[in-house]
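For reference, the structure is listed below as structure tokens.
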Amino acid sequence: MPNSQNNTFIKKLQETCRGQLRINEPLSKHTTFGLGGCADLFFLPADLDDLALSVPLLQEANIPILPLGGGTNTLVRDVGFRGIVICLTAGAHHIDVSQGFVQAGASTQVFSRQCQRAGKTGFEFGCGIPGTLGGAIRGNAGAWGGETFDNLISVKGINLKSGRDETFKKADLTYAYRRTHFSPDFLIIEANFQLGEEDPETIHKKMTQMLSERKASQPLSNRSPGCIFKNPPGTSAGKLIDQAGCKGLSVGHVQVSDIHANFMINLGGSSADDVLALIQKVTHRVQSVHNITLEPEVRIIGEHGIENE
Ligand code: EPU
């Protein structure tokens, strides 16, 4: 959008909304990988009313929108994003475990821990998954045999094109392993989960086991987006990459982890171009050794938005 139009939109948003609007915001600060370029605009609505006030302005400006939660599972290209990022972590992070209710900006790990304390079972697998519930729902995140859609009842969001609230029951939604089919215009704002009852101590034991396995098998002290590739049906991408001899392979300052081969770690000062080159290298090696084409799990964000949804 031309600069003058951009400035009018910025002014209107600042006058109308109470939330924070940042200009030229480095997305390296908002992604667990810690690399990539800037977003033209980065908006943190103060609450859901504030978000609702922004919607007509967003519609009028017709500016590309990127919802961002905890910035996990995300690779931002070095050129950054020419639009506005909407992040609900500051303004919509309420959790009510007794009702199985969450807002999209709430932390997946915090929800999981609160469920444990309240003796609610069904979300143990989330105890080690970083990021927000909005992101976990969108990507149907999972671990240790559980996934976000398992106990989901319904998802409420706002359609940023029409400006209308929409609620979907799980039965209305199509989803699969690490995949959902929400419209790109749909911004998740709230969800309900069906949780069972169990002794908190028993849930705690399950979670401790999951966390210690995670700690032993994943490079948690390094910056990464989580797993880079989806598991091909019936096998583990990490195992295939390992067998193809890729552990330790690097481009620039990004490296295939020695601990788990489906993680690429940012050793400091890496660029998204390095990561993309390493993804290509690993994909070729796995293709030539196993004759299997790996598909990235990580969302790749370019100038105009998500490139691989
Ligand atoms: N393996 C290797 N070498 C490696 C990595 C794994 O041989 O470098 C072997 C393991 O020894 C094991 C098998 O591969 O026999 C499976 O490994 P793991 O248990 O670590 O599971 P995964 O399939 O590699 C999945 C999810 C993880 C999730 C774990 C635990 C995907 C792409 N990955 O990994 O999710 O934490 O299970 O449940 O679905 C993520 O989605 O970002 C993620 C990290």
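Just so it is clear, none of the values below were taken in a lab; they were calculated from the coordinates. Since the structure is predicted, the reported quantities are computational estimates derived from the model, not experimental observations. As a convention, Cβ positions derive from the backbone with ideal geometry for all residues, glycine included, and neighbour counts pool all protein chains shown.
Being within 19 Å of T132 (Cα to Cα) and of a type in the set (S, T, N, Q) is the filter here; which residues of the range 168-182 pass it? Of everything in the range 168-182, just one residue is within 19 Å of T132 (Cα to Cα) and of a type in the set (S, T, N, Q), namely T180. The set of residues in the range 20-43 being surrounded by 20 or more Cβ atoms within 10 Å (Cβ to Cβ) and over 28 Å from H253 (Cβ atoms) consists of L41, F43. The listed residues are G131, G146, G126, and the only one of them that is free of Cβ contacts under 8 Å to residues at least 60 places away in the same chain, surrounded by 21 or more Cβ atoms within 10 Å (Cβ to Cβ) and within 14 Å of the ligand (Cβ to nearest atom) turns out to be G126. For the range 276-284, the criterion of being touching a strand residue (DSSP E or B) at 6+ places or on another chain (Cβ under 9 Å) and either over 22 Å from G34 (Cα atoms) or within 10 Å of the ligand (Cβ to nearest atom) (or both) is satisfied by at least one residue. Within the range 285-308, the set of residues being in a loop (DSSP other than H, G, I, E, B) and within 16 Å of the ligand (Cβ to nearest atom) comprises I292, T293, L294, E295, E297, V298, N308.
Among the conditions (1) surrounded by fewer than 22 Cβ atoms within 10 Å (Cβ to Cβ); (2) touching a Lys or Arg at 6+ places or on another chain (Cβ under 9 Å); (3) of a type outside the set (V, I, T), G71 misses just one, which is (1).
Go through the range 1-30 and give me each residue that's without any contact (Cβ under 8 Å) to a residue 60 or more places away in the chain, of a type outside the set (V, I, T) and part of a strand (DSSP E or B).
Within the range 1-30, the subset without any contact (Cβ under 8 Å) to a residue 60 or more places away in the chain is 2-18, 21-24, 26, 28-30.
Imposing the further condition that a residue be of a type outside the set (V, I, T) reduces the set to 2-7, 9, 11-15, 17-18, 21-22, 24, 26, 28-30.
Matches in the range 1-30: L21, R22, N24, P26.
Here L249 does not fit the description of being in contact (Cβ under 8 Å) with a residue 60 or more places away in the chain, hydrophobic (A, V, I, L, M, F, W, C) and farther than 14 Å from V76 by Cα.
How many of the residues making up the range 52-66 are within 17 Å of G305 (Cβ to Cβ) and not small (G, A, S)?
The initial filter retains those residues of the range 52-66 that are within 17 Å of G305 (Cβ to Cβ), namely 58-59, 61-66.
Checking the rest, the ones that are also not small (G, A, S) come to 58-59, 62-66.
So the answer is 7.
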